[in-house]
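**Student:** The structure's right below; bear with me while I get my questions together.
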Amino acid sequence: MGKLDALLAYQQADQKKQQLELAVRSTDNRQRLNKLHRTLRDYQSTLRKLNDEISSYSATLSQGRERLAALNKRYELETGELETLSLDEECTAEEMTEFRTDIDKLAREVASFERDIKQLMSNVDKVIAEYQKTRQSAGRAKKEYDQLKIVCEGERDSAAKQIEACDYELSRLEARVDPDMLAKYQRVRQHHAVPLVKVENAKCSGCRMSLPMMTMRKLSSPDSMTECDNCGRLLYAVTDK
């Protein structure tokens with residue numbers, strides 16, 4: 001077996017392994033599992049966001065309640081003071097009017113704070129309800145994910161023996177391949193699923209680009225191999241034997 005034939009045999013075994021691995025990764029169950037995985041990540045992101053909203057609303061609500069308590073206390077004090085002033089014969093009507101105006105303003109401020117707090121409580125309830133709903137949906141998705149994962153692991157295990165046989169064949173063929181040629185193959189393999197392609201009608205069969213005469217000359221001798229200047233794949237030419 002020539003150097004080029006050895007490398008071609010190695011690539012054929014490598015392609016078979018790739019096809020088996022692709023088949024395992026692309027089953028309906030695996031695709032559904034991948035989709036559920038993305039869904040669970042989205043749920044986690046949403047739950048974190050909702051939790052932050054709840055914390056923010058809760059902090060604002062706590063501050064608002066403290067402020068409302070202080071306003072109510074002030075309102076009670078000033079109302080009591082108004083009653084005391086009303087009994088004071090020296091207090092003028094103008095002073096009473098001014099004091100009542102201040103108390104009315106305070107009462108409006110209290111009422112405004114009460115509305116704001118009521119709205120905040122409503123917002124908190126809505127976010128908590130959404131959080132709980134999302135968490136339930138995430139729980140159902142996680143249960144389905146765990147069940148489907150077991151199925152996918154079974155599919156992978158059923159293909160494991162075939163993949164293991166491919167690994168054995170690759171190991172056997174690797175011993176016959178020229179080390180320099182194998183190193184080039186492995187380097188190109190990082191970018192192309194099929195690293196080694198033949199020349200057809202003076203064109204690279206990988207990218208379909210025409211090859212210069214200099215490249216064609218490099219492939220004139222037996223077991224010769226070179227790189228395509230356009231796509232970087234390894235090229236070989238079929239010669240008459």
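The values are calculated or read from the model by the stated rules, or taken from the named source; none is laboratory data. What you see is a predicted model, and the numbers here were worked out from it, not measured in a lab. Heads up, the Cβs are rebuilt from the backbone with ideal geometry, glycines too, and the neighbour counts pull from every protein chain shown. Areas reflect the complete protein model, heavy atoms only, side chains present, ligands, DNA and RNA absent. Shrake-Rupley method; radii C 1.70, N 1.55, O 1.52, S 1.80 Å.
**Student:** What is the dipole size for the range 1-158, taken about its Cα centre, with +1 at each Lys and Arg Cβ and -1 at each Asp and Glu Cβ, in debye to the nearest 20? List each step's numbers first, then the result.
**Tutor:** Working: 28 positive and 30 negative charges, 501 e Å.
Here the size comes out at about 2400 debye.
**Student:** Using R₀ = 25 Å, calculate the FRET efficiency as 1/(1 + (r/R₀)^6) where r is the Cβ-Cβ separation of residue 102 and residue 63; round to 0.05. Mind showing how you got there, number by number?
**Tutor:** Details: r = 24 Å, r/R0 = 0.97.
Given R0 = 25 Å and the Cβ-Cβ separation, E is 0.55.
**Student:** Moving on to the next point. When the solvent-accessible surface of protein heavy atoms is calculated with a 1.4 angstrom probe, in what order do 128, 163, 150 fall, highest first? Present the calculation step by step, with values, prior to reporting the outcome.
**Tutor:** On the way: 128 60, 163 35, 150 115 Å².
Greatest to least solvent exposure: 150, 128, 163.
**Student:** How high is the relative contact order of the chain, in percent, counting Cα pairs under 8 Å that sit 6 or more residues apart?
**Tutor:** Numbers: 180 pairs, mean separation 71.1, N = 241.
Computed value for the chain: 29 percent relative contact order.
**Student:** Highest GNM mean-square fluctuation, the chain, Cα pairs closer than 10 Å: which of 109, 90, 76?
**Tutor:** Residue with maximal mean-square fluctuation among 109, 90, 76: 90.
**Student:** Can you give the FRET efficiency to the nearest 0.05 for residue 12 and residue 45, using r as the Cβ-Cβ distance and R₀ = 45 Å?
**Tutor:** Details: r = 44 Å, r/R0 = 0.99.
Efficiency at R0 = 45 Å is approximately 0.50.
**Student:** Another question, if that's okay. Have a look at 226, 92, 39 and tell me which one the Gaussian network model of the chain (Cα, springs below 10 Å) gives the largest fluctuation.
**Tutor:** With Cα springs under 10 Å in the chain, the top fluctuation among 226, 92, 39 is at 92.
**Student:** Computing the accessible area with a 1.4 Å probe over protein heavy atoms, can you report the carbon and sulfur percentage for the range 105-209?
**Tutor:** On the way: 3530 of 7110 Å².
C and S fraction of accessible area: 50 percent.
**Student:** For the chain, build the charge dipole from Cβ charges (+1 Lys, Arg; -1 Asp, Glu) around the Cα centre, then report which of 2, 18, 43 sits farthest towards its positive end.
**Tutor:** In the chain, that residue is 2.
**Student:** While we're looking at this one, here's another question. With axes computed from alpha carbons, what is the tilt in degrees of helix 93-174 against the longest principal axis of the chain, rounded to the nearest 10 within 0 to 90?
**Tutor:** Roughly 20 degrees, rounded to the nearest 10.
**Student:** Quick check for you: with a 1.4 Å probe and neighbouring chains kept, what is the accessible area per residue of the range 28-145, in Å²?
**Tutor:** Numbers: 8730 Å² over 118 residues.
Ligands and nucleic acids excluded, the figure is 74 Å² per residue.
**Student:** Provide the solvent-accessible area of residue 75, counting protein heavy atoms only and rolling a 1.4 Å probe, rounded to the nearest 10 Å².
**Tutor:** About 80 Å², ignoring ligands and nucleic acids.
**Student:** Among 112, 205, 145, whose Cα sits farthest toward the positive end of the charge dipole of the range 100-241 (+1 at Cβ of Lys/Arg, -1 at Cβ of Asp/Glu, about the Cα centre)?
**Tutor:** Value: 112.
**Student:** Could you run the Karplus curve 6.51 cos²θ - 1.76 cosθ + 1.60 with θ = phi - 60° over the range 58-70 and give me ³J(HN,Hα) per residue in whole Hz, x for Gly and Pro?
**Tutor:** Using θ = phi - 60°, the values come out as 5, 5, 5, 5, 5, 5, x, 5, 5, 5, 5, 4, 5 Hz.
**Student:** Take the Cα of residue 230, step 7 Å along the line toward its Cβ, and report every residue of the range 207-223 whose backbone nitrogen sits under 16 Å from that point.
**Tutor:** It comes to 207-216, nothing else.
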